[in-house]
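S.K.: Below is a structure I'd like to ask you about.
The values are calculated or read from the model by the stated rules, or taken from the named source; none is laboratory data. Keep in mind that what you see is a predicted model, and the values were worked out from it rather than measured. Note that we place each Cβ from the backbone using ideal geometry, even for glycine, and neighbour counts take in every protein chain shown. Note: accessible area is taken over every heavy atom of the protein model, side chains too, but ligands, DNA and RNA are not part of it. Shrake-Rupley method; radii C 1.70, N 1.55, O 1.52, S 1.80 Å.
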Amino acid sequence: MSASMAPSPPSKKEVMLALLDRAEARVHLDARHAGVQLPERFRNEAHLRLDYGYGFQPPIPDLTIDDHGISATLSFNRLPFRTFVPWAAVYLIADFDGNGAVWQEDIPVDLKMDVPPDTGTTEPEPAPVEPPPKKPRPSHLKLVK
């Protein structure tokens with residue numbers, strides 16, 4: 001199969017839904033991005049993690065994942081807050097075991113680290129994530145590069 005015929009990587013929405021089908025999703029986002037709706041104290045965070053799942057306590061009864069992003073009433077210090085995270089603000093989605101995907105092009109510039117010059121490349125490194133366990137990754141999820 002040629003590179004032009006290779007299947008496209010899954011979208012952020014597809015990865016989020018696949019993870020939620022199995023368990024939970026930890027979304028890494030740039031809270032400074034336009035359209036993000038969060039408590040004011042988080043609005044200057046370049047790397048904020050929000051956890052989503054259908055079985056959480058307290059529950060997230062209004063969790064909505066659509067083509068625009070993620071809407072949900074989340075609890076911050078036990079206070080509910082209606083949030084919205086547009087897909088453009090998201091750069092990494094993983095389960096609590098570290099399985100998921102990263103979108104390098106969406107990592108905030110101020111979080112990117114260059115590889116040392118002696119390697120001859122300046123590819124950015126992904127934001128840190130807990131290492132995955134030694135179990136195999138489900139076949140329907142692939143790491144997006």
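S.K.: Give the residues of the range 61-90 that are open to solvent by less than 10 Å² (accessible area, probe 1.4 Å) and in contact with a Leu (Cβ under 7 Å, 6 or more places away or on another chain), sorted by residue number.
M.R.: ALA72, THR83, VAL85, ALA89, VAL90, listed by residue number.
S.K.: If you check every pair at least six apart or on different chains, which have Cβ atoms under 9 Å apart with a residue in the range 47-71 that is over 14 Å from ARG82 (Cα atoms) and in a loop (DSSP other than H, G, I, E, B) first and a residue that is among the aromatic types (Phe, Trp, Tyr) and open to solvent by less than 80 Å² (accessible area, probe 1.4 Å) second?
M.R.: Note: pairs meeting the criteria are HIS47/TYR91; ASP67/TRP87; HIS68/PHE84; HIS68/TRP87.
S.K.: Every residue in the range 4-43 that is part of a helix (DSSP H, G or I), open to solvent by 40 Å² or more (accessible area, probe 1.4 Å) and not aliphatic (A, V, I, L, M), please. Walk me through it before giving the result.
M.R.: The first filter runs over the range 4-43 and keeps only residues part of a helix (DSSP H, G or I), leaving 4-5, 12-22, 40-42.
Those left that are additionally open to solvent by 40 Å² or more (accessible area, probe 1.4 Å): 4-5, 13-14, 17, 21-22, 40-42.
Selection gives SER4, LYS13, GLU14, ASP21, ARG22, GLU40, ARG41, PHE42.
S.K.: Out of all the residues in the range 80-88, is one or more under 11 Å from the mean Cα position of the chain (by Cα) and in contact (Cβ under 8 Å) with a residue 60 or more places away in the chain?
M.R.: Yes: the range 80-88 contains one or more residues that are under 11 Å from the mean Cα position of the chain (by Cα) and in contact (Cβ under 8 Å) with a residue 60 or more places away in the chain.
S.K.: If you take the residues of the range 91-136 that are open to solvent by 100 Å² or more (accessible area, probe 1.4 Å) and aliphatic (A, V, I, L, M), which of them is modelled with the lowest pLDDT?
M.R.: Here the residue is MET113.
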